[in-house]
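See below for the structure under consideration.
What follows draws every value from the coordinates through simple rules; no lab data is involved. All values reported here derive from a predicted model rather than from experimental measurement. Every residue, glycine as well, gets a Cβ built from its backbone with ideal geometry; the counts of neighbours run over all protein chains shown.
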Amino acid sequence: MAWADNLLASGSEPDSGLKARLRLHFTDAEIMELTYAMCSFIGYSKQLIMLGLEPETMPVIGVPIPS
């Protein structure tokens with residue numbers, strides 16, 4: 001979850017501690033696949049919201065842009 005939070009909220013490279021924790025459980029290839037999948041879902045959800053195509057029954061949560 002920390003990896004997803006970092007990708008969604010920070011927009012910057014994760015610290016070395018987070019990377020080290022991830023490497024305890026995943027190979028570099030698996031981390032790349034996870035990152036690609038998460039970024040794809042984040043991008044698609046932003047596109048749907050921007051185009052006004054999100055389902056009416058889906059809760060929308062606004063996340064402030066990091067400063």
Specify which labelled value, from [x] 4, 16, 24, 24, 15, 10, 4, 2, 1; [y] 4, 18, 25, 28, 18, 6, 1; [z] 3, 14, 22, 24, 15, 11, 8, 3, agrees with P(r) over Cα pairs in 5 Å bins from 0, in percent derived from the coordinates of the model shown.
-> [z]
Computed over the chain: longest principal axis from alpha-carbon atoms vs helix 28-50 long axis, angle to nearest 10 degrees, is 10
Over the chain: helical MRE at 222 nm, DSSP H runs n ≥ 4 each giving -39500 (n - 2.57), nearest 500 | -16000 deg cm²/dmol
Measuring from label point to label point, each 7 Å out along Cα→Cβ, what is the LYS46 to HIS25 span in nm?
-> 2.5
